[in-house]
Amino acid sequence: MAALRSWLSRGVSSFFRYRRCVPVAANLKKRCFSGSVRPWHKTVAVGFGVALCAVPIAQKAEPHSLSNDALMRRAVSLVTDSTSTFLSQTTYALIEAITEYTKAVYTLVSLYRQYTSLLGKMNSQEEDEVWQVIIGARVEMTSKQQEYLRLETTWMTAVGLSERAAEAAYHTGADQASVTARNHIQLVKSQVQEVRQLSQKAETKLAEAQTEELRQKTQEGDDTAEPEQEAYLRED
């Protein structure tokens with residue numbers, strides 16, 4: 001009996017010790033589990049975000065816009081735009097230069113006409129002064145002419161570039177770019193032709209004024225020679 005009571009006492013003591021240890025272990029497991037839950041959720045969220053970033057977004061395929069023909073048409077359209085801009089700038093510069101030259105020609109025409117109207121009414125000093133003004137105007141006219149001839153060469157180069165760009169656009173199928181470039185070429189050609197006609201008209205008037213000046217000088221010389229010849233004959 002003594003042995004039985006000792007065994008029962010040891011069993012009860014072990015049971016109560018087990019009861020005290022169980023909550024501690026449970027709490028420990030709970031803490032460990034809850035501690036492991038939170039990082040697990042974070043790991044899943046981060047991994048899911050990385051996975052979304054790694055998935056490529058599908059784009060709508062545009063086979064026609066990426067074809068070689070389409071790329072060539074796009075490129076040649078840029079070329080026609082660039083050559084048209086270059087042609088516009090050179091046309092503007094040329095028209096301005098021809099206009100300045102035409103003004104210089106008309107200035108010289110006016111001086112020649114004034115000089116012709118004063119022939120026989122000026123002394124030698126006054127005539128020299130008028131001729132100095134005419135020479136200065138002629139130098140100015142020549143300078144303006146050289147400037148417009150230089151720009152005309154550049155303009156013709158720009159026209160050639162635009163024509164080749166329009167032809168390239170036509171052959172690559174960029175019909176709109178080709179038509180636009182050709183219309184622009186025709187427009188600037190007509191504009192330059194108009195100012196050229198004005199300058200040619202001025203040059204014609206200059207030639208007429210110079211001819212009239214020579215005729216007046218010749219007539220004045222003849223009128224001066226006749227009295228001298230008559231006086232010489234009377235002396236004889």
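Brief remarks on what is shown
- Inter-label distance for GLU96 and THR142, nm, one decimal - labels placed 7 Å from Cα along Cα-to-Cβ: 2.6
- Unsatisfied cross-links (Cα-Cα over 22 Å) in the set LYS144/LYS217; LYS103/LYS217; LYS103/LYS201; LYS103/LYS205; LYS121/LYS201: LYS144/LYS217; LYS103/LYS217; LYS121/LYS201
- Using the 1.4 Å probe convention, the accessible area of segment 139-211 works out to 60 Å² per residue with neighbouring protein chains retained.
The values are calculated or read from the model by the stated rules, or taken from the named source; none is laboratory data. Note that the structure is predicted; figures quoted are calculated from it, not measured. Note: ideal-geometry Cβ built from the backbone for every residue, glycine included; neighbour counts use all protein chains shown. Accessible surface areas use protein heavy atoms only, side chains included; no ligands, DNA or RNA. Shrake-Rupley method; radii C 1.70, N 1.55, O 1.52, S 1.80 Å.
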